[in-house]
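Undergrad: A single structure is presented below for examination.
Only the coordinates and a few stated rules stand behind these numbers; no lab work does. Please read all numbers here as calculations on a predicted model, not as lab measurements. FYI the Cβ positions are ideal-geometry reconstructions off the backbone, even for glycines, and counts take in every protein chain you see.
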Ligand SMILES: Nc1ncnc2c1ncn2[C@@H]1O[C@H](COP(=O)(O)OP(=O)(O)OP(=O)(O)O)[C@@H](O)[C@H]1O
């Protein structure tokens with residue numbers, strides 16, 4: 001049975017003198033793996049920020065079911081440079097997301113959860129390395145691990161795999177897909193990688209200057225992809 005987790009209801013966002021998207025309507029169901037596609041600057045990150053309630057829409061709204069407080073959202077950003085001197089270890093960085101985090105007083109359960117996530121994300125060998133010294137792909141894994149600590153119902157991957165090599169990208173998306181299939185995690189996957197979108201998601205939202213289109217991923221045509229880049 002399909003059960004909604006969020007709905008975009010006549011959603012419009014404009015910056016002063018600059019409309020980004022308008023009258024966007026979409027319902028995302030629990031367990032969906034939705035790819036958000038479209039050329040640079042079309043408004044994908046703006047949409048994610050609006051969904052996260054970091055940006056107030058110009059009109060319309062984002063509705064959470066049953067309510068915003070009852071949906072835990074994890075966010076994995078695009079690769080960002082981290083100060084090479086950043087002192088926290090990868091393990092401690094992941095643990096930061098426990099509510100009320102206070103080293104060294106994590107509970108036994110919190111430690112076990114961290115152990116499991118470190119293993120799932122393939123970080124066991126380097127968990128004690130300072131995050132600042134980790135490679136780009138290792139940092140992305142650490143961000144994903146940190147987002148998983150809160151056991152999110154909804155996970156937003158905002159071009160989080162863009163800077164990864166094909167093997168690491170596949171490892172991370174395989175893990176997310178496993179969580180999607182086994183625990184019903186809902187995923188919003190912002191990407192320019194059409195083959196990966198086709199491989200992992202069940203639905204798409206294609207944003208373009210000409211408007212937005214959505215549907216089942218198997219119905220996304222090469223012409224639509226081409227058109228979105230050329231409108
Ligand atoms: N705070 C802001 N103030 C004004 N304009 C902004 C702001 N944030 C984003 N924009 C503009 O809104 C548009 C959409 O930006 P956004 O980052 O959402 O695009 P995107 O689809 O995620 O792009 P990319 O694929 O390059 O990451 C761009 O033209 C951007 O310059």
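Undergrad: So in the chain, what percent of DSSP beta bridges are antiparallel if you round to the nearest 5?
TA: So the antiparallel bridges amount to about 55 percent of the total.
Undergrad: For residue 52 and residue 183, what is the calculated FRET efficiency with R₀ set at 22 Å and r taken between the beta-carbons, to the nearest 0.05?
TA: The computed FRET efficiency comes out at 0.55.
Undergrad: Expressed as a rounded percentage, what relative contact order does the chain have, with Cα pairs under 8 Å and six or more residues apart?
TA: Across the chain, relative contact order equals 27 percent.
Undergrad: Say a paramagnetic label sat at a point 7 Å from the Cα of residue 10, along Cα to Cβ; which residues of region 24-67 have their backbone N under 12 Å from it?
TA: Under cut-off, by backbone N: 24-25, 59-61.
Undergrad: Where does the chain land at 222 nm, in deg cm²/dmol rounded to the nearest 500, when only DSSP H runs of n ≥ 4 count, each adding -39500 (n - 2.57), divided by all residues?
TA: Working: 7 runs with 75 residues, N = 231.
That calculation yields -9500 deg cm²/dmol at 222 nm.
Undergrad: Relative contact order (percent) for region 165-231, with alpha-carbon contacts under 8 angstrom and 6 or more residues of separation?
TA: Relative contact order for region 165-231 comes out at 21 percent.
Undergrad: Also: Over 5 Å intervals from 0, what percent of Cα-Cα pairs in region 87-152 sits in each interval?
TA: 3, 20, 34, 26, 13, 3, 0
Undergrad: Once you put a point 7 Å from the Cα of residue 18 and another 7 Å from the Cα of residue 125, both along the Cβ direction, what distance in nm separates them?
TA: Roughly 4.3 nm, to one decimal.
Undergrad: Compute the angle between helix 166-183 and the longest alpha-carbon principal axis of the chain, please, reported from 0 to 90 degrees and rounded to the nearest 10.
TA: The angle comes out near 80 degrees.
Undergrad: Using a 10 Å cut-off around each Cβ, can you sort 151, 139 from fewest to most neighbouring Cβ atoms?
TA: 151, 139
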